[in-house]
Amino acid sequence: MIELPPKEGPAKVALIVLHGWGANQHDLVPFVQSLRLKGTQTFFPDGLFDVPGTGGLGKGWFSFPLNKDSKQERIESRELLISLVKDVCAKGFASKEIVLLGFSQGAGMCLDIMLHLENPIGAVVALSGFLMEGEDVKRRENMPIESPIFAAHGLYDPILPLHRSKESLHLLKEIGFNLTWREYPIAHEISQDEARDVRQFLQENSHITGNS
């Protein structure tokens, strides 16, 4: 796991960043660095499972396309990441000072983790992702609706169609979550406009500040 300390001053926020399927812990480091966030200690864990055809360099949080092992793998990844959240809390961060940020499969895992933590976290940023088991979520009680969510998707995403992501994420809005939804004229990627909006959301919904 890559861990980056804050560039300036003490860390006020812990940012846990989850890569997409087939990438690894290094993938989103440049993106997070481009946000120029202050007071943020950042953690970039690796997915548990090797992605075929990547020579062991590509990782995933569960098998894709989905197969008979995917659900159990997702549960294993959830347990690992909840343990990571607990470890981060042990470093001195309160739950509300923890932010989860993920792309694609990593975004889906961020939402999944948020819904299974004992205490509400500071915020979730889900980029080009989806809510898993949405209908089951609607039947659950004691949802952590205090945690604001920023979710965004590309209009021309060939990997995960916009409508699937939008429909699943808006279930959370129906439940009562404060959901900020954005769409961008891009494919399965992150644009500069999206990065700008993520930075603004984090500054408004956490203790994170940014460099001008």
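In segment 22-42, what residues are aromatic (Phe, Trp, Tyr) and crowded, with 21+ Cβ neighbours inside 10 Å?
The answer is none; no residue qualifies.
Among the residues of segment 24-41, count how many are part of a strand (DSSP E or B) and in contact with a Leu (Cβ under 8 Å, 6 or more places away or on another chain). So that I can check it myself, show each step before the final result.
At the first step, the residues of segment 24-41 found to be part of a strand (DSSP E or B) are 37-38, 40-41.
Now narrow it down to the ones that are in contact with a Leu (Cβ under 8 Å, 6 or more places away or on another chain): 37, 40-41.
The qualifying residues number 3.
Would segment 158-168 turn up any residue that is out of contact with any Phe, Trp or Tyr (no Cβ under 8 Å at 6 or more places or on another chain), assigned to a loop (DSSP other than H, G, I, E, B), free of Cβ contacts under 8 Å to residues at least 40 places away in the same chain and among the charged types (D, E, K, R)?
No, because not a single residue in segment 158-168 is out of contact with any Phe, Trp or Tyr (no Cβ under 8 Å at 6 or more places or on another chain), assigned to a loop (DSSP other than H, G, I, E, B), free of Cβ contacts under 8 Å to residues at least 40 places away in the same chain and among the charged types (D, E, K, R).
Considering only segment 42-152, give the helices (runs of 4 or more DSSP H) lying wholly within it that have at least 2 residues that are touching a strand residue (DSSP E or B) at 6+ places or on another chain (Cβ under 9 Å) and in contact (Cβ under 8 Å) with a residue 24 or more places away in the chain. First the steps, then the outcome.
Working: elements: 70-90, 105-116, 134-138.
Where helices (runs of 4 or more DSSP H) fall fully within segment 42-152 and carry at least 2 residues being touching a strand residue (DSSP E or B) at 6+ places or on another chain (Cβ under 9 Å) and in contact (Cβ under 8 Å) with a residue 24 or more places away in the chain, they are 70-90, 105-116.
What residue, among those in segment 47-63 that are touching a Lys or Arg at 6+ places or on another chain (Cβ under 8 Å) and closer than 16 Å to VAL17 by Cα, is surrounded by the fewest Cβ atoms within 10 Å (Cβ to Cβ)?
LEU48
Six or more apart or on different chains, Cβ atoms under 7 Å: show the pairs whose first residue is in segment 173-187 and under 16 Å from PRO148 (Cβ atoms) and whose second is β-branched (Val, Ile, Thr) and part of a loop (DSSP other than H, G, I, E, B).
Here the result reads ILE175/ILE145; GLY176/ILE145; PHE177/ILE145, each pair linking segment 173-187 to a residue that is β-branched (Val, Ile, Thr) and part of a loop (DSSP other than H, G, I, E, B).
Read-outs: derived from the displayed coordinates by stated rules, not from any lab. Since the structure is predicted, the reported quantities are computational estimates derived from the model, not experimental observations. Don't worry about glycine lacking a Cβ; one is built from the backbone with ideal geometry, like all the others, and counts go over all protein chains shown.
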